[in-house]
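Step one of this worksheet: look at the structure below.
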């Protein structure tokens with residue numbers, strides 16, 4: 001098993017959650033993740049490395065599911081799957097945006113929807 005931190009469409013009730021995580025994961029307690037800033041990209045959020053904290057849902061998934069999620073998230077193009085550590089010490093994967101955030105508005109709360 002591996003851990004995946006979800007902050008956008010992979011969150012519960014998001015379109016990608018129903019496709020990948022709904023029947024293939026175990027939900028854990030929400031996480032606060034340091035060293036990231038969340039931005040509003042219009043339809044969904046993106047995160048970039050920076051001096052901030054974001055809030056994310058945490059899921060345990062089979063490692064064999066990661067390639068399908070990578071493809072969905074355009075890993076290697078729009079996003080890079082990066083291993084990070086939450087404030088409470090949980091290690092897991094998160095998708096970090098590769099594009100510029102110059103034109104995007106920061107989401108000051110560090111959360112998209114309610115956690």
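In this structure, does residue 41 turn out to be over 12 Å from the mean Cα position of the chain (by Cα) and within 14 Å of residue 96 (Cα to Cα)? Here the answer is yes, as residue 41 does meet what is asked. Counting only residues that are over 15 Å from the mean Cα position of the chain (by Cα) and free of Cβ contacts under 8 Å to residues at least 60 places away in the same chain, the stretch 88-101 holds 4 of them. If you go through the stretch 31-48 and keep only what is in contact with a strand residue (DSSP E or B) (Cβ under 6 Å, 6 or more places away or on another chain) and more than 16 Å from residue 91 (Cβ to Cβ), you end up with 37, 38, 39, 40, 45, 46, 47, 48.
Looking at the structure I just gave you, is residue 25 more than 27 Å from residue 100 (Cα to Cα) and touching a helix residue (DSSP H, G or I) at 6+ places or on another chain (Cβ under 9 Å)? Judged against the criteria, residue 25 is a match.
Condition test on residue 59, is it at pLDDT 95 or above, touching a helix residue (DSSP H, G or I) at 6+ places or on another chain (Cβ under 7 Å) and surrounded by 12 or more Cβ atoms within 10 Å (Cβ to Cβ)? First the steps, then the outcome.
On the way: at pLDDT 95 or above: yes; touching a helix residue (DSSP H, G or I) at 6+ places or on another chain (Cβ under 7 Å): yes; surrounded by 12 or more Cβ atoms within 10 Å (Cβ to Cβ): yes.
For residue 59, the condition - at pLDDT 95 or above, touching a helix residue (DSSP H, G or I) at 6+ places or on another chain (Cβ under 7 Å) and surrounded by 12 or more Cβ atoms within 10 Å (Cβ to Cβ) - is met.
For residue 65, the conditions (1) over 21 Å from residue 22 (Cα atoms); (2) surrounded by 12 or more Cβ atoms within 10 Å (Cβ to Cβ); (3) touching a residue at least 40 places away in the same chain (Cβ under 8 Å); (4) over 13 Å from the mean Cα position of the chain (by Cα) all hold with the exception of (1). Kindly establish whether residue 2 is surrounded by fewer than 19 Cβ atoms within 10 Å (Cβ to Cβ), touching a helix residue (DSSP H, G or I) at 6+ places or on another chain (Cβ under 6 Å) and within 22 Å of residue 88 (Cβ to Cβ). For residue 2, the condition - surrounded by fewer than 19 Cβ atoms within 10 Å (Cβ to Cβ), touching a helix residue (DSSP H, G or I) at 6+ places or on another chain (Cβ under 6 Å) and within 22 Å of residue 88 (Cβ to Cβ) - is met. If the condition is being surrounded by fewer than 17 Cβ atoms within 10 Å (Cβ to Cβ) and under 13 Å from residue 57 (Cβ atoms), then the stretch 29-47 contributes 29, 30, 32.
The values are calculated or read from the model by the stated rules, or taken from the named source; none is laboratory data. As the structure is a computational prediction, the values presented were derived from the model and not from experiment. Positions of Cβ are backbone-derived with ideal geometry, glycine not excepted, and every protein chain shown enters the neighbour counts.
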